Amino acid sequence: MEIKKSTRHSKIAGDFGEILVLYWLSKYGFECAKVDHTGIDIIARNPHTNEVMGISVKSRTRNEGAEKDFVSLPADNFDKIDAACAAFGCRPFFAIVVDAGDIIRVFITSVENVLKLYPRTPAGSGWRMSPAHLEKYAGDSEIMMFEFQTKHGRWWKSTD
């Protein structure tokens, strides 16, 4: 079933992803704040390592049939996150939020680890979402993950 998203869905999905990651970090004892800065969306102190993390959140929603599409990480994202983290004295991380079908997955890992997994090209890099890649992430101790199963109770029916 094709879902017709609102004209502002990309902006709303981005805001949702940032707040979701912020909420989850806070829930687990990270001192964190949403920031409005080019390159990073969240600054967080990891209570386990005492490390200060500069996190760039990338949120995507996928229609049916596109659940396995990768998340593009354009080259300039790496330059921007590096510059912001240098300015604030923090280590660069990506949080990748993917709403695909009936599951929302969140991955948090260092930029260093992203580049180890998927070296940067002139176009940038990307986060793969195939079942094989998801299995690989589950075994990577450098990738923190959580997910939500979604289920409709009662919802409006399409008039199309």
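Here are some residues: 32, 85. Which one is touching a Leu at 6+ places or on another chain (Cβ under 7 Å), crowded, with 16+ Cβ neighbours inside 10 Å and not basic (Lys, Arg)?
Of 32, 85, the one residue that is touching a Leu at 6+ places or on another chain (Cβ under 7 Å), crowded, with 16+ Cβ neighbours inside 10 Å and not basic (Lys, Arg) is 32.
Looking at the stretch 1-45, which of the residues that are in a strand (DSSP E or B) and in contact with a helix residue (DSSP H, G or I) (Cβ under 7 Å, 6 or more places away or on another chain) is farthest from residue 145 (Cα to Cα)?
37
Report, by residue number, each residue of the stretch 145-160 that is within 16 Å of residue 71 (Cβ to Cβ) and not acidic (Asp, Glu). Spell out how you get there, then give the answer.
We begin by selecting, within the stretch 145-160, every residue within 16 Å of residue 71 (Cβ to Cβ); these are 145, 147.
Matches in the stretch 145-160: 145 only.
Among the residues of the stretch 46-63, is there at least one that is part of a loop (DSSP other than H, G, I, E, B), aliphatic (A, V, I, L, M) and either farther than 22 Å from residue 150 by Cα or touching a Lys or Arg at 6+ places or on another chain (Cβ under 9 Å) (or both)?
No, the stretch 46-63 contains no residue that is part of a loop (DSSP other than H, G, I, E, B), aliphatic (A, V, I, L, M) and either farther than 22 Å from residue 150 by Cα or touching a Lys or Arg at 6+ places or on another chain (Cβ under 9 Å) (or both).
Step by step: first the residues of the stretch 130-153, then only those that are part of a loop (DSSP other than H, G, I, E, B) and modelled with pLDDT under 95, then the one that is surrounded by the fewest Cβ atoms within 10 Å (Cβ to Cβ). Which residue is that?
This residue is 153.
When the stretch 110-129 is examined, which residues are found to be surrounded by 13 or more Cβ atoms within 10 Å (Cβ to Cβ) and within 28 Å of residue 28 (Cβ to Cβ)?
Once the filter is applied, which keeps residues that are surrounded by 13 or more Cβ atoms within 10 Å (Cβ to Cβ) and within 28 Å of residue 28 (Cβ to Cβ), the stretch 110-129 yields 110, 111, 113, 114, 115, 117, 118, 125, 126, 127, 128, 129.
If you take the residues of the stretch 12-57 that are charged (D, E, K, R) and at pLDDT 95 or above, which of them is farthest from residue 112 (Cα to Cα)? Before you say what the answer is, go through the steps one by one.
If we filter the stretch 12-57 for residues that are charged (D, E, K, R), which is where we start, we get 15, 18, 27, 31, 34, 36, 41, 45, 51.
Of the ones still in play, those that are also at pLDDT 95 or above are 18, 27, 31, 34, 41, 45, 51.
Values: 18: 21, 27: 25, 31: 22, 34: 22, 41: 18, 45: 18, 51: 15 Å.
Selected residue: 27.
The values are calculated or read from the model by the stated rules, or taken from the named source; none is laboratory data. This one's a predicted model, so the numbers in the text were calculated from it and none came from an experiment. For neighbour counting, all protein chains shown are included, and Cβ atoms are generated from backbone atoms with ideal geometry for every residue, glycine included.
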